[in-house]
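Everything below concerns the one structure shown next.
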Amino acid sequence: MKNVYIFGVLLFLNLLIIHSSAFSQTSRLDSMVLKNRLKIEFLLDIGNVLPTNSFVRLQNTDLDGMAHYNAYTLRLAKQTTGDKLWQQLYGYPSYGFGVYSAFFTNTKKIGNPIAAYGYFNAPFVRFNRLSLNYELAFGYTFNWNHYDPVTNPTNIAISTDGSVYIEAGLSMKYSLGKRLSFGLGYGFTHYSNGKLKMPNYGLNTGAAKISVSYDLYDTPIQYHTQLKPNYMAHYEWILSGFGGAQNLLYVGTNTAGQTTNTKSFYFAVYGISSTINKQIDYKSKIGIGFTLEYNGFQNSEIVVKGGNLDALDVNFDRHLALSIFPSYELVIDKLSLVFQPGLYLYRTKSANLTPVSYQRIGVKYHFLKDTFLGINLRAYHFHESDFIEWTIGHRLNW
C-alpha cells in the first residue's frame, strides 16, 4: 500500500513538471508536435554501483560482479522556445517524462529495477550545433529484488519493491542534422525508500551515458527573445509543515546466536519549518531557517512484554529536535528544487542518534500563487536516507 501511495504522489509531481505538455493543447497530432516541439530520446547507461555500503562493496566476494550495470531509457521531451521568460533565462531548456530499465550483472540479489520519472535539461552554454548541459530528474523506481530475511538476507540496500529515484548529471549534445542529435554525458543516481522500511542503506550509481535524440517536427525553431527587465530582489517568509515515518527492523537472537524473533516497527515523524529567503535573481533564492520536529524513532526502545516485542513509551520531549539550516532554491517557473544542509542545535542524547548534520533535498510546486506542496528526502553522510518529508507550506512576500 505504501508503494502505491508513493507512486501516486510522485506521478502527480511528474505531471506537474510537464504541466504545459502538448496533450492538453490540441487533438491533432501534427499540430501538437509542431506547437510543442516534441522529440523522442533514447539513452544507454554503462555504469557502476558506488561502494557506499557493505552490500555493494567489491571486496564482498559473494556479490562479485554486481558492481556493473547497463540501463536503457526512452523519453518524450518538449523543447521550449522562449515564449515565457523563465525559458529564456534557462537557455531554452527541454523537459519531459522518461521510462528507465536497469540490468545488473547479479540480478538475483538486486533485481531489474524500472523507473518512471520527470526530468529537466538545460544548457550551460551553446555553440551553434554544440551544447553543454546539466540535467536533474526525480521519479519512482520499482521491480527490485529487495531484502528478505529468508530468501535475500544480504540485500541491506533496498527493502521494498519501490523506491525514490533522484538523478543529476552533465552532458554534451551535438546536432547531426535537421532532426537528429547525439550526446555523451555522465550522471549520478540515488535510490532509496526513505526508511519507510528497513534495512535501507540505499543504492548509488554513476554511469556514462550515450544518447540519441530525434525531433518529431521538421521546421526550424523560432526562438523568442525579449528584453529582460532588471530584477529587483525581494524577501519571503515561508512557514511549512511536514509529516513522515521511520521504520525499525528489530532482530532478536538467543544465546546461541540464532535468530528467534523479527519485527518491524513504525515511528511517526512530523514538524514545522520557518525560513527567510532572499530571491537574488530570477533563478535563485538563498536564506536561513529553523526546523522543530518530533521524531518517534529518536530514543526509541524495544522491550519484551509477555513474550512479545513492543516499543517502549518514553517522554514526549525525548523525541524533540531543533535544527538550523542555510537554504538554496533553484526556481524553474512554479517549480523549485530545494537544498538545505542542516545542523542540529538540540537533541536528547541516546544510542541511536544520527549524525549532528544532515542534508535535505527536495522539490516543491506552487499550485497556488503562494501555497505549495513538496516532497523532501532527509539524509546524512550525503548518501544514507533518514526519512521522507511530505510537505505543505505558504509564503509571504515583501
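Each value in this text was obtained by applying a stated rule to the coordinates, not by laboratory testing. Small disclaimer: the values here were computed from a predicted structure and weren't measured. Counting neighbours? That spans all protein chains shown, and the Cβs are built from the backbone with ideal geometry, glycine included.
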Placing each pseudo-label 7 Å from Cα in the direction of the beta carbon, Gln226 and Ile210 end up separated by a distance in nanometres of 4.2
Partner lysines whose C-alpha sits under 21 Å from that of Lys109, ignoring same-chain residues fewer than 8 away, are Lys195, Lys197
Note, His224: beta-carbon cut-off 13 Å, +1 each Lys/Arg, -1 each Asp/Glu, net +2
Computed over region 291-398, the relative contact order (Cα-Cα under 8 Å, seq sep at least six) in percent reads 18
Summed over the other residues with a beta carbon less than 14 angstrom from that of Ala71, with K and R at +1 and D and E at -1, the charge totals -1
Expected unfolding gain across Asp148-Asn352 under the 0.36 nm per residue rule, minus the alpha-carbon gap, is 71.1 nm
